[in-house]
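The values are calculated or read from the model by the stated rules, or taken from the named source; none is laboratory data. Owing to the predicted nature of the structure, the values given are computational and were not obtained by experimental measurement. Quick reminder, even Gly has a Cβ in these numbers, built from the backbone with ideal geometry, and neighbours come from all protein chains shown. We work out accessible area using only protein heavy atoms, side chains counted, and drop any ligands, DNA or RNA first. Shrake-Rupley method; radii C 1.70, N 1.55, O 1.52, S 1.80 Å.
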Amino acid sequence: MKQFYDLADQVVKKYCEEMGVEREKLSKNRFSKKRRRCENGLSLSFIRQSLAHYLYKRLPLNAVTVGHLCGYSDHSMVSLYSRIVENHFEVDDPYFMPYYHKLVEIADPMVESVNFERISAYHWRSVDKKVLKIRSRKEFFV
């Protein structure tokens with residue numbers, strides 16, 4: 001697990017370096033709500049959201065670890081923003097997508113050796129509901 005943590009740490013450092021954002025700003029921003037953008041005009045929340053979603057989906061790390069790496073205070077923000085990022089994908093948000101495409105361009109060569117992909121939470125929820133309905137119908141008619 002340490003190797004995946006180190007890999008994720010390298011991805012965060014490289015992405016922050018490419019975007020021109022100090023890594024400390026990712027975690028400091030959550031304490032002061034006044035500054036949601038950094039000096040070069042980039043949205044810190046979009047940077048954190050894209051990092052959290054990418055790392056959580058592509059590496060076998062839990063949400064607490066990903067939240068810590070991305071500057072969140074706990075794991076709940078990772079799961080919340082994963083859903084929000086998926087909504088950005090559905091509508092092809094012109095403000096968010098450049099952040100994510102830049103991250104993919106930077107991180108894919110670093111992460112390509114890891115053969116891991118997390119399935120969306122929506123998929124598992126829908127499967128569980130269907131299975132539960134089928135089981136309840138079988139029990140009802142038997």
Sort 70-80, 84-94 by packing, meaning the average of other beta carbons within 10 Å per residue, with the highest value first. 70-80, 84-94
At a probe size of 1.4 Å, how large is the accessible area of SER113, to the nearest 10 Å²? 100 Å²
Stretched out fully, how many nm does the piece from LYS25 to ASN87 gain, at 0.36 nm a residue minus the Cα gap? 19.8 nm
Can you list the residues of region 43-61 with backbone N under 20 Å from a point 7 Å past the Cα of GLN3, pointing along Cα to Cβ? 55-61
